[in-house]
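Notes to accompany the following structure.
Any read-out appearing in this document is the output of simple, stated calculations on the displayed coordinates, not a laboratory observation. What you are looking at is a predicted structure, and each value in this text was computed from that prediction instead of being measured. Here the Cβ positions follow ideal geometry from the backbone for every residue, glycine too, while neighbour counts run over all protein chains shown.
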Amino acid sequence: MQNQDLPRGMNDKPGLIPRQVMPENLETPINNILSWITPTEMYYARNHLPYPTIQMQSWALGLGGEVEKPFSFTYEDLKKMPSVSKFVTTECSGNKRAFMEPPVPGEQWRIGAVGNVKWTGVPLTYLLDQAKLKGSAVELIFTGSDSGIRPDMDTPVNYERSLPLDRTLLAECILGLKMNGEPIPHKHGFPLRLIVPGWYGMAHVKWVTRITASSIPFKGPFQAIDYVYITNEGDYHDAVPVTEMKVNSIITWPSKGEKVHLGQHTVRGLAWAGKGTINKVEVSLDNGMTWNSAQLTSSEHEQYTWTLWEYLWDITAPGHYSLLARAFDSYGNVQPKAAPWNAKGYGNNSIHQIKLMVPQILH
Ligand SMILES: Nc1nc2c(c(=O)[nH]1)N[C@H]1C(S)=C(S)[C@@H](COP(=O)(O)O)O[C@H]1N2
Ligand SMILES: [Mo]
């Protein structure tokens with residue numbers, strides 16, 4: 001049963017932290033998740049519009065625009081096509097927005113708008129090769145089935161995003177049919193979802209129903225108003241599109257306010273990057289004065305996936321501690337103390353800080 005059949009209002013992701021009720025936005029309680037793979041029911045949900053109703057009897061994926069041979073594929077057609085699986089860490093570009101200083105509007109994500117799952121589906125280039133793109137095509141537009149009114153517009157719009165016609169990028173993309181080995185749950189894009197490894201979440205269009213090759217750059221609201229880095233709200237003259245994920249990491253243990261006592265402890269966390277892989281993670285126990293190498297403990301050090309890390313912390317003195325963790329990627333990028341502030345609060349890869357008070361042992 002797809003969970004679109006659940007009675008309206010029934011919460012099928014009870015373990016998540018609500019950030020907005022309508023449309024539904026839920027954050028993963030990431031401190032509680034110790035597995036490399038995020039269990040599907042614990043995966044964060046980010047929606048701009050109400051969930052769509054999908055009629056499978058009439059559902060099809062259309063492929064048109066600047067192509068020699070426009071196509072329409074059924075779900076059954078897609079299931080018979082060549083398929084690949086990829087583990088992909090996807091972070092919402094608004095993750096860590098709650099830590100932006102000064103604060104910015106938007107969903108106040110803390111550290112849990114990120115997850116790592118196995119996606120299985122049809123390579124995007126397999127479909128493109130059948131439709132044969134014309135030389136005039138410069139972008140591909142992916143249309144989601146969800147539609148609704150944005151607060152800043154009068155007429156309903158669908159969630160739509162484009163990708164540049166960059167062969168290297170497109171060769172990595174999957175039209176996902178399965179998430180962690182099962183048909184994608186309704187909330188995560190059933191029956192078909194775009195996966196763009198290494199890019200922030202907004203590019204991974206859910207409920208994809210149409211792909212349009214376009215001869216002009218796409219300027220839809222989820223492309224040109226949302227998901228751009230700007231420094232003054234309302235001023236788009238120097239807007240830079242949000243694309244690849246920046247190198248980032250979080251401390252998952254201890255969490256803020258955790259009771260930690262003298263003795264040996266394992267500090268734990270996660271680190272990820274966009275195109276690169278994680279080379280190194282360092283931990284500081286003294287607010288960044290000195291740094292120590294953490295151990296990368298994932299057996300999988302694949303591109304596009306996060307790495308678990310840990311650091312043995314021997315606390316010999318009570319007092320106040322400020323724990324920091326910073327990740328380095330294979331391109332030599334490192335997380336900054338404070339990421340560039342931007343009016344919409346995207347791409348916050350600032351170093352995560354946990355402040356703790358270790359008490360005296362009372363005899
Ligand atoms: N159709 C559609 N696709 C979408 C969105 C959406 O609102 N509608 N949100 C995007 C954003 S911003 C993110 S971070 C991811 C979230 O995917 P999830 O809800 O499966 O976690 O989906 C992306 N794809
Ligand atoms: Mo997002």
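Brief remarks on what is shown
- Cα gyration tensor shape for the range 248-358, rounded if a/c is under 1.5, else prolate or oblate: oblate
- By other beta-carbon atoms within 10 Å, ranking ARG97, ARG150 with the fewest at the front produces ARG150, ARG97.
- Among the listed pairs LYS187/LYS355; LYS13/LYS96; LYS79/LYS344; LYS69/LYS246; LYS178/LYS275, those beyond 31 Å (Cα-Cα): LYS187/LYS355; LYS79/LYS344; LYS69/LYS246
- Sequence-separation-based contact order of the range 176-247, relative, with Cα cut under 8 Å and 6+ spacing, percent: 24 percent
- Computed lengthening from MET22 to THR290, 0.36 nm per intervening residue step minus Cα-Cα distance: 92.0 nm
- Label-to-label distance, nm, for residues given as VAL334 and SER35 (7 Å Cα→Cβ offset): 3.5 nm
- Protection proxy ranking of 169-178, 57-66, 200-209 - average other beta-carbon atoms within 10 Å, highest first: 200-209, 169-178, 57-66
- Simple spin-label estimate for LYS132 and SER255 gives 5.6 nm between the two label positions (7 Å along the Cα-to-Cβ direction from each Cα).
- Multiplying the residue separation of GLU68 and THR231 by 0.36 nm and removing their Cα-Cα distance gives an extension gain of 54.5 nm.
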